[in-house]
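Note sheet for the following structure.
The values are calculated or read from the model by the stated rules, or taken from the named source; none is laboratory data. Everything quoted here is computed from the prediction, not taken from an experiment. For neighbour counting, all protein chains shown are included, and Cβ atoms are generated from backbone atoms with ideal geometry for every residue, glycine included. The accessibility values were calculated without ligands, DNA or RNA, using every heavy atom of the protein model including side chains. Shrake-Rupley method; radii C 1.70, N 1.55, O 1.52, S 1.80 Å.
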Amino acid sequence: MYLLPFPIMGGLFAWATIYFLGFKRTKWSEFIFGLAIFFIAIIVQNPIQQLPLLALGIHSNADVIAKGAAFTIAASLWLGFVAGLVQEGTKYLLVKGKNLRTALFVGLGFGVTEAFFVGIIAAVAAIASEIPLDVPVSAALLSLVERYFAVLFHVGTTVFLAHAYREGFGKKGLIAIVGLHTIVDSMAAYYQLRGSETFMYATEAIFAVIALALMYYIIPRVEVEKPEEEKVIW
């Protein structure tokens with residue numbers, strides 16, 4: 001099955017979920033702000049993740065595996081920690097002090113942009129390597145489900161960070177969210193490095209539970225928030 005549309009479809013289904021939860025009027029300036037935050041985070045994140053590995057002579061997954069189990073775990077933790085710190089730290093710096101509905105659409109813009117980015121990068125990599133994007137149906141559907149929960153995760157973490165700042169525990173909230181993000185991304189990095197199908201499904205299940213728990217926590221708080229005068233946040 002052709003992979004490309006499935007990550008994108010996952011992002012769009014998550015957007016539809018937000019819509020049917022009652023947020024029918026998209027705040028486009030905030031959504032685009034989330035798009036910009038995603039690219040800022042990726043530009044910062046990738047060099048920090050990769051340069052230390054390149055300095056150690058690591059150029060592929062096989063190079064990591066060849067250094068043994070302990071190094072593979074350490075590399076996975078490094079990749080996950082940097083992703084969590086940069087992405088959540090960038091969100092926190094740019095949404096603290098904003099209302100929760102604003103944060104929701106910033107997180108939605110971030111997550112949906114990531115879904116499109118994942119799909120497009122996979123297509124570009126396939127074209128460059130001349131390897132077809134055909135994958136088993138199960139893999140295609142898993143990519144859809146993963147992106148669905150990833151978008152909800154980014155919505156949840158962004159709103160949580162704005163809420164934590166407003167309630168006076170911003171730094172503690174940031175540490176907690178960076179920790180959650182680190183756990184999820186480290187597990188994802190590990191199964192990508194090791195190619196373990198069992199670990200992959202376990203990771204995706206844990207990710208889904210975390211994303212849904214965040215949504216359960218933040219949605220009621222956004223719904224009861226008093227509407228504020230529309231402001232462009234750029």
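Given a 1.4 Å probe and the protein chains as shown, V222 ends up with an accessible area of around 0 Å². Rounded to the nearest 0.05, what FRET efficiency do V137 and A205 have when you use their Cβ-Cβ distance and R0 = 25 Å? FRET efficiency, V137 to A205: 0.85.
One chain, two ends: A123 and N61. Fully extended at 0.36 nm per residue, the span grows by 20.3 nm beyond their Cα-Cα distance. Projecting the Cα atoms of L12, G111, V178 onto the dipole axis of the chain, where Lys and Arg carry +1 and Asp and Glu carry -1 at the beta carbon, places V178 farthest toward the positive end. Projecting label points 7 angstrom from Cα along Cα→Cβ for V224 and F116 puts them 3.5 nm apart. Across the accessible surface of the range 5-223, with the other protein chains kept in place and a 1.4 Å probe, carbon and sulfur atoms take up 71 percent.
Just to make sure I understand: if all protein chains stay in place, what is the order of M187, M215 by accessible area at 1.4 Å, largest first? Intermediate values should be presented prior to the final figure.
Values: M187 40, M215 15 Å².
Greatest to least solvent exposure: M187, M215.
The candidates W15, W28, arranged from most to least accessible area with a 1.4 Å probe in the full protein assembly, appear as W28, W15.
Roll a 1.4 Å probe over the protein chains and send me the accessible area per residue for the chain in Å². Could the numbers behind the result be given before it?
On the way: 11850 Å² over 234 residues.
Result: 51 Å² of accessible area for each residue.
Note on the chain: lysine pairs with Cα distance below 18 Å, sequence gap of 8 or more or different chains, count 17.
Taking a ≥ b ≥ c as the square roots of the Cα gyration tensor eigenvalues, with a/c under 1.5 meaning rounded and otherwise prolate when a/b beats b/c, else oblate, which class fits the range 76-195? Prolate is the answer for the range 76-195, as a/c is 1.5 or above and a/b outweighs b/c.
Taking Cα centre as origin and charging only the Cβ of basic (Lys, Arg, +1) and acidic (Asp, Glu, -1) residues, the dipole magnitude of the range 5-223 rounds to 900 debye.
Considering only G22, A125, H154, and ranking their Cα positions along the charge dipole of the chain that arises from unit charges at the beta-carbon of Lys, Arg, Asp and Glu, the one farthest toward the positive end is G22. Work through the residues other than K172 whose Cβ is under 14 Å from its Cβ and net out their charges, Lys, Arg +1 and Asp, Glu -1. Result for the local shell: +1. Taking a sphere under 13 Å around the Cβ of F81 and counting the other residues whose Cβ falls inside, with K and R at +1 and D and E at -1, yields a net charge of -2. What separates the Cα centres of the range 1-49 and the range 71-131 is a distance of 9 Å.
Just add up the charged neighbours of G11: K/R +1, D/E -1, any other residue whose Cβ is under 13 Å from the Cβ of G11.
Numbers: positive: R147; negative: E114, E146.
Around G11, the surrounding residues sum to -1.
Look at the alpha carbon pairs under 8 Å that are at least 6 residues apart: their mean separation over the length of the chain gives a relative contact order of 34 percent.
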